[in-house]
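Quick one: this structure, given as structure tokens, is what I'll be asking you about.
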Amino acid sequence: MAIYRAHCNLDIGRGAKFIAAGTLFDERVMMAESIQILVDMEHISRVQFPPLEVLPGWKARADRLRKAGIEDADTFLATDAATIAKAFRNISTETVSTWQAELLTMFTPSTPPER
């Protein structure tokens, strides 16, 4: 599963919905052909996350996630929190959702650039 960053506001053609500049989103949001066109136009780019274990405070989480078959940030962010929580003992869906939000926050600029 690939995660992308929008470099400008994107109308995703679903009513009044759009993806704001700076937002991270996974590839399921739009068709593969659309993603490739937007990459070619430099309106989006694939996010290259560092390994989870090198992130501050993530070593133990990364080890636990790896044991559950989640090797990278892309997979972690794209997997439903309830599915991840089931792979752990004593970890709630809310905790996993908090971890996912924390990871997204680490890689989302506070003031997204507008192109």
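Please state the relative contact order of segment 52-106 as a whole percent: Cα pairs under 8 Å, 6+ residues apart?
22
I've got another one for you. Modelled label-to-label distance, Asn9 and Glu33, 7 Å Cα→beta-carbon offset: nm?
Label at Asn9, label at Glu33, 2.7 nm between them.
Related question: Please report the relative contact order for the chain, taking Cα pairs under 8 Å with a sequence separation of at least 6, and give it as a percent rounded to a whole number.
Normalised by residue count, the contact order of the chain is 29 percent.
Across segment 103-109, in residue order, what do the Karplus-derived ³J(HN,Hα) couplings come to in whole Hz, using 6.51 cos²θ - 1.76 cosθ + 1.60 with θ = phi - 60° and x for Gly and Pro?
3J(HN,Hα) across segment 103-109, in whole Hz: 5, 4, 4, 4, 10, 10, x.
Do any GluC sites (Glu not before Pro) in segment 1-98 lie in a DSSP loop with no more than 13 other beta carbon atoms within 10 Å, and if so, which?
Glu42, Glu71
Let me ask another. What nm distance separates the two modelled labels at Arg89 and Glu71, each placed 7 Å from Cα along Cα→Cβ?
2.7
While we're on this one: Between Ala82 and Met106, what length comes free when the chain is fully extended (0.36 nm per residue of separation minus the Cα-Cα distance, one decimal in nm)?
Difference between extended and current length: 6.5 nm.
In whole angstrom, how far apart do the alpha carbon centroids of segment 67-85 and segment 1-36 sit?
21
Quick query: amide H of Ala68 versus all other amide H atoms, modeled in the peptide plane; which residues come in under 5 Å with a sequence gap of 5 or more or a different chain?
Under 5 Å from the amide H of Ala68 lies no amide H from a residue far enough along the sequence or on another chain.
Since every read-out is calculated from the coordinates, none of them should be taken as a lab result. What you see is a predicted model; the values in this text were computed from it and never measured. Don't worry about glycine lacking a Cβ; one is built from the backbone with ideal geometry, like all the others, and counts go over all protein chains shown.
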